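Structure first, commentary second.
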Amino acid sequence: MNLSGVRNAIVAKVDGMTGFRMSPFPVELFDRSQNTLAHLAFAVSIGSTQSMAERQRVPNRVFMSSNVNVIFAYRIRPHSISDDYNHAMDKEISVIETILGSYASTPGIEIRYNQSTRTFAQSLEYVLVETSFTVIHTP
């Protein structure tokens, strides 16, 4: 599966979750989204791809490992900060479970979860949750 196919498979899974919609901004510029449009907006990028030398034993087959990042915004209301932060972390788990479940229906890729980070947008209206995955695939 080519790189755009890997990215599109992940985009389709997150986009299928209730309330989520794709942001026009890439992961690296995601915090530039308008506040009125940011809640449950997401972006997916493939930051790097490298060969997997230990899997290259199959003739005429190249195995690659790509670092995929998924970011989404969750609105934090001023009088419910603690509750909304908890809800954002619950959404984070839902996104991870959805993505990890996606490769079973997408032949040719294997997805592994790496880590998550949570930061607040400069406006303090949103928590930005970024998850990273390693995707093993063939071109």
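The values are calculated or read from the model by the stated rules, or taken from the named source; none is laboratory data. What you see is a predicted model; the values in this text were computed from it and never measured. Here the Cβ positions follow ideal geometry from the backbone for every residue, glycine too, while neighbour counts run over all protein chains shown. Surface accessibility is based on the protein's heavy atoms, side chains included, excluding ligands, DNA and RNA. Shrake-Rupley method; radii C 1.70, N 1.55, O 1.52, S 1.80 Å.
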- Item | So H79, is it closer than 15 Å to A9 by Cβ and either at pLDDT below 95 or in contact with a Pro (Cβ under 9 Å, 6 or more places away or on another chain) (or both) | no
- Message: If I go through the stretch 114-125 residue by residue, how many of them are in a strand (DSSP E or B) and either at pLDDT 90 or above or among the acidic types (D, E) (or both)?
- Response: 6
- Output for Cβ contacts, cut-off 9 Å, separation at least six or different chains, first residue more than 26 Å from R61 (Cβ to Cβ) in the stretch 1-18, second in a helix (DSSP H, G or I) and hydrophobic (A, V, I, L, M, F, W, C), reads V14/V95; V14/I99; M17/V95
- Task: Mind listing whichever residues of the stretch 14-30 are open to solvent by less than 70 Å² (accessible area, probe 1.4 Å) and over 16 Å from V129 (Cα atoms)?
- Result: G16
- Checking I111, I99 in turn, the sole residue that is modelled with pLDDT under 95, part of a strand (DSSP E or B) and open to solvent by less than 70 Å² (accessible area, probe 1.4 Å) turns out to be I111
- Restricting attention to the stretch 69-79, and to residues there that are open to solvent by less than 70 Å² (accessible area, probe 1.4 Å) and closer than 12 Å to E125 by Cβ, which single residue is nearest to the chain's Cα centre (by Cα)? A73
- Message: For the stretch 42-62, give me the residue count where each residue is touching a Phe, Trp or Tyr at 6+ places or on another chain (Cβ under 6 Å) and either at pLDDT 95 or above or hydrophobic (A, V, I, L, M, F, W, C) (or both).
- Response: 3
